[in-house]
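Below is one structure, written out as structure tokens; the observations come after it.
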Amino acid sequence: MKRIALVLGLCAAALVHAAPITVRDALGRTVVLPAPPQRLITIFASNTELVAALGLVDRIVGVEEYTRFPPEVAAMPKVGGRLGFSVDAVVAQRPDLVIVTPARQAANQLVDPMERIGVPVMVLLSRSVGEVLDNIRLVGRATGVPERGAALAQLLQARLDRVAQQVAGRPAPRIVMVTGRVGNGMLLVARSDTYTGEAMVLAGGRFAIAGRGAVAQVSPEAILASDPDVLLFAGTQAALDDLVRSPGWRDMRAVRAQRAVTVSRSEFLIPGPRTIDGIESLARWLHPVKASP
């Protein structure tokens, strides 16, 4: 009798294990996976980092050309990059799930072809820090490790809660975060309706330039007119030095007060667990804890 019960228990466990996984992605699409996927294509660095943070980097079989983290992915097959993505290159890796963010039309064009040939595609968006945590939970469910996704998201949320306590009641400096330079002389800045802008606010800052919208380009004159308390530059120190040598920048409040500093692009421009590292670091710099007497 015990042996029969054991066999029945094993059969039941196998049925549970074999049950399809059904999730809804950022576009409201229903994605059905017959079993936890073992061969993942992760397009865009953020999606690769989410999978790696869940301890599943060994399941990744293909990445975008410009993905650099974690180091283990450097030698993995590349399925495309800034100039486009190859359906053939994706299919050659025999994936059972493709995770993509349609940040560029070239990536978005992969969704329909993959669906037509029966390769599941899950679309992620990261429009807020909360959505980054939701993506961790979603990827955990889709890959068959929901408990890992839930635990990691809970840990990251706890760190955010501690930052919130740290900056509560502290004066919020007016900040401009420059995230890039455009060939026409315009500058890209973090906006309030993006996860990058929200990360800046969570760290205890506020926007020196008012306004919302998807267009992040502003003129240098607009930044100079805002005269922020803090100027953040997502890039190298050499690039920041070059920027503040431009006419008028040396007279900016932030530059005069030596509060023009660089921040990590990987922490503020790639939505993933490292974004929380960036929020913590920026909060410590903006609102240092006073030493006890």
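Laboratory data are not the source of any read-out in this text; all were calculated from the coordinates shown. Given the structure is predicted, the values throughout are model-derived calculations rather than measurements. A quick note on method: Cβ atoms are made from the backbone with ideal geometry, for glycine too, and the neighbour counts reach across all protein chains shown.
Before moving on, here are some points about what is shown:
- The packing ranking, built from the mean of other Cβ atoms within 10 Å per residue, places the peptides 216-229, 63-76, 89-102 in the order 89-102, 216-229, 63-76, highest first.
- Here the peptides 185-194, 40-49 are ranked by packing, the mean other Cβ count within 10 Å, and the order with the highest first is 40-49, 185-194.
- Bridges between two residues of the chain, per DSSP, are antiparallel at a rate of about 35%.
- Normalised by the number of residues in the chain, the mean separation of alpha-carbon contacts (under 8 Å, six or more apart) gives a relative contact order of 15 percent.
- Local net charge near LYS290, Cβ-Cβ under 14 Å (Lys/Arg +1, Asp/Glu -1): +2
- Put simply, the amide H of ALA260, placed in the peptide plane, has neighbours under 5 Å in LEU231, leaving out anything fewer than 5 places away on its chain.
- Computed 3J(HN,Hα) for region 158-169, one whole-Hz value per residue from the Karplus formula 6.51 cos²θ - 1.76 cosθ + 1.60 where θ = phi - 60°, is 4, 5, 5, 4, 5, 4, 4, 5, 5, 9, 4, x, glycine and proline marked x.
- Across region 65-75, computed HN-Hα scalar couplings (Karplus, 6.51 cos²θ - 1.76 cosθ + 1.60, θ = phi - 60°) run 4, 9, 6, 10, 9, x, x, 4, 7, 4, 8 Hz from first to last residue, x flagging Gly and Pro.
- Using θ = phi - 60° and Karplus 6.51 cos²θ - 1.76 cosθ + 1.60, couplings along region 86-101 (whole Hz; Gly, Pro as x): 9, 4, 4, 5, 5, 4, 4, 8, 6, x, 10, 6, 10, 10, 9, 10
- For ARG181, the residues whose amide H sits under 5 Å from its own are LEU188, ignoring neighbours fewer than 5 places away on the same chain, with H placed 1.01 Å from N.
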